[in-house]
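> The structure's right below; bear with me while I get my questions together.
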């Protein structure tokens, strides 16, 4: 006999519903007049590998602005929750939830809302970038939060289309392998420290986007993320690899020791 009360597997719509309802509840009680002081909303997901695709679809993981604008912002507008224009939305798949976060009932997720007075415990403000494939001026580079914009490209000093000179802090040499270094653009990508999330972000620059050369990130979990716009950065995590062109590869680690 069919068991009508058999537990149903959670689906994309249920995950999204649970998450949106929980965010609404927390936003309505947030500091600063229902959201005025919010700087970022962080969603942490700790699901089974077999369910990861469901959670990715629920939060539009491959289109980071879609969930922010079409789900949270729309909900905030409906309930007259005034979020500032500059607020950020971050999603992270993790093995453990930060101790400050709030678990979302019914799904494998947790939530944290940052304000100027209350933020996530920052990560290390230094990181180690190693050249795994290709030839750069150094085999490794230590970067930190005070360095500002850290440019990545071929050759140290290059002239860009605007006529200005660009300094590449992580510079691949022109005399390197033609199959690897020559596919690295002179203005390929850059890394910046984000004080709101306490992490480094990787961005593609004009030379590192299709139809020119390409910029991708392979996460430690094996997910391949293609950088499609210069405005959208990828939050770098331990073990991420930045792929430039066809085969030049940089590794990222918060263990900044050479």
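> How would you rank 112, 102, going from fewest to most other Cβ atoms within 10 Å of each one's own Cβ?
102, 112
> Let me ask something else about it. Normalised by the empirical 2.2 N^0.38 Å for globular proteins, what value does the Cα Rg of the chain take?
Here the Cα radius of gyration is 1.13 times the empirical estimate.
> If you take every DSSP beta bridge fully contained in the chain, what fraction is antiparallel? Give it as a percent rounded to 5.
85
> Using the reciprocal of the averaged 1/r over all distinct C-alpha pairs, how large is the Kirkwood radius of the range 133-258 in Å?
14.5
> If r is the Cβ-Cβ distance from residue 52 to residue 238 and R0 is 22 Å, what FRET efficiency results, to the nearest 0.05?
0.75
> Follow-up. Stretch residue 149-residue 133 to full length: gain in nm at 0.36 nm per residue minus the Cα-Cα span?
This chain segment gains 3.5 nm when fully extended.
> Given the peptides 162-172, 54-64, arrange them by the average over their residues of other C-beta atoms within 10 Å, most packed first.
Put in order of decreasing packing, that is 54-64, 162-172.
> Okay, next question. Given the range 164-226 reduced to its alpha-carbon atoms as identical point scatterers, what log10 I(q)/I(0) does the Debye formula return at q = 0.16, 0.18, 0.19, 0.24 Å⁻¹?
Once normalised to I(0) and log-transformed, intensities are -0.65, -0.80, -0.88, -1.17.
> Can you check how the C-alpha radius of gyration of the range 54-149 compares to 2.2 N^0.38 Å, as a plain ratio?
1.43
> Follow-up. Per residue and in Å³, how big is the convex hull formed by the alpha-carbon atoms of the range 12-114?
89
> Still on this structure, I have one more. 7 Å from Cα along Cα→Cβ at both residue 115 and residue 25: what's the point-to-point distance in nm?
Those two pseudo-labels are separated by 1.9 nm.
> Here's a follow-up. Which order do the peptides 37-44, 189-196, 153-160, 222-229 take when ranked by the mean count of other beta-carbon atoms within 10 Å per residue, highest first?
Answer by packing, highest mean first, reads 37-44, 189-196, 153-160, 222-229.
Throughout, read-outs are computed from the coordinates displayed, never taken from laboratory work. On a predicted model such as this, the values are computed, not experimentally measured, just so you know. Virtual Cβ from ideal backbone geometry, glycine too; neighbours counted across all protein chains shown.
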